[in-house]
Amino acid sequence: MSGSFLPDRAHGWIPGERLARREPVLPAPEGAPRVGVLALQGDVLEHLRALRRCGADAVAVRSVEAIGDVDGLIVPGGESTTIGKLLVRLGLMDVLRQRVADGLPVFGTCAGMILLSDQLDQDVAQPLIGGLHVRTRRNAFGRQLDSFDTRIEVAGIEGGPMDVAFIRAPRVEEVLAADVEVLATVEDHAVVVRQGPLLAAAFHPEVTGDDRLHAAFVATVIDAMPAASAQG
Ligand code: GLN
């Protein structure tokens, strides 16, 4: 076996091995930014593939060491309560909050957007990473629109509207600080926001094969890498 995919990295692992055998995760080019996908629960493998297609060294992470070792991180969709509880139980929450505070580029999609939010529009508390100055409402699109595919224009993304999937998606109810930019809306509510190195999308960009948001995030990661700019 060539071993050119499913690399067994020191601090990472690639889940879904049987699936991956059918559709290999592309090997990363030399010097590529290392972008982790938080792999506790949810849609991990599709993000790894999208990141690889965008030229990143994509690794699944679920340890303190792995979180410390990445240049950027995707927090995938799934179930935000489950992911949040696992972050606490596995002792990852503090290191993740610290890295966000230190400026790590993080892209939260769907449940990941919920987890990045400073506040939720609900009475019940759940563990959040926070850092993104928004108040977010879970499962915000009513029954009719519970899950739907749509095309939306995202500011800064060239080439026309993106094909995306909303799956029991959240939306931003309120932007809490001036440094939060709204990049896309649905029904007048923000569904893509950016705050410096933090990017959040209410939908799943990884299931439709449209990699433009992943590519934009990888570009943000490269910009934030001190070594890369020092080396020119
Ligand atoms: N409804 C889920 C939550 O509240 C998010 C759904 C998703 O990530 N597709 O966490």
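The values are calculated or read from the model by the stated rules, or taken from the named source; none is laboratory data. In this text the structure is predicted, and so the values were computed from the model without any measurement. Using ideal geometry, Cβ is built from the backbone for each residue, glycine included, and neighbour counts are taken over all protein chains shown.
Key figures
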{"quantity": "Condition met for Gly108 (assigned to a strand (DSSP E or B), within 13 Å of the ligand (Cβ to nearest atom) and surrounded by 20 or more Cβ atoms within 10 Å (Cβ to Cβ))", "calculated": "yes"}
{"quantity": "Test: residue in segment 87-105 that is within 16 Å of the ligand (Cβ to nearest atom) and crowded, with 22+ Cβ neighbours inside 10 Å", "calculated": "yes"}
{"quantity": "Unique match (being assigned to a strand (DSSP E or B), among the acidic types (Asp, Glu) and surrounded by fewer than 21 Cβ atoms within 10 Å (Cβ to Cβ)) among Asp223, Asp163, Asp179", "calculated": "Asp163"}
{"quantity": "Hits in segment 76-86 (condition: within 21 Å of Leu48 (Cβ to Cβ), in contact (Cβ under 8 Å) with a residue 40 or more places away in the chain and either away from the ligand (no atom under 16 Å from the Cβ) or not aliphatic (A, V, I, L, M) (or both))", "calculated": "Pro76, Gly77, Ser80, Thr82"}
{"quantity": "Selection within segment 142-160 - within 16 Å of the ligand (Cβ to nearest atom) and part of a loop (DSSP other than H, G, I, E, B)", "calculated": "Gly142, Asp146"}
{"quantity": "Residue count for segment 41-75, restricted to those that are under 24 Å from His133 (Cα atoms), modelled with pLDDT of 95 or more and either within 15 Å of the ligand (Cβ to nearest atom) or not in a loop (DSSP other than H, G, I, E, B) (or both)", "calculated": "6"}
{"quantity": "Segment 182-220: number of residues that are at pLDDT below 95 and exposed (fewer than 15 other Cβ atoms within 10 Å of the Cβ)", "calculated": "3"}
{"quantity": "Residue within segment 122-135 that is modelled with pLDDT of 95 or more, within 12 Å of the ligand (Cβ to nearest atom) and under 25 Å from His214 (Cα atoms) present", "calculated": "yes"}
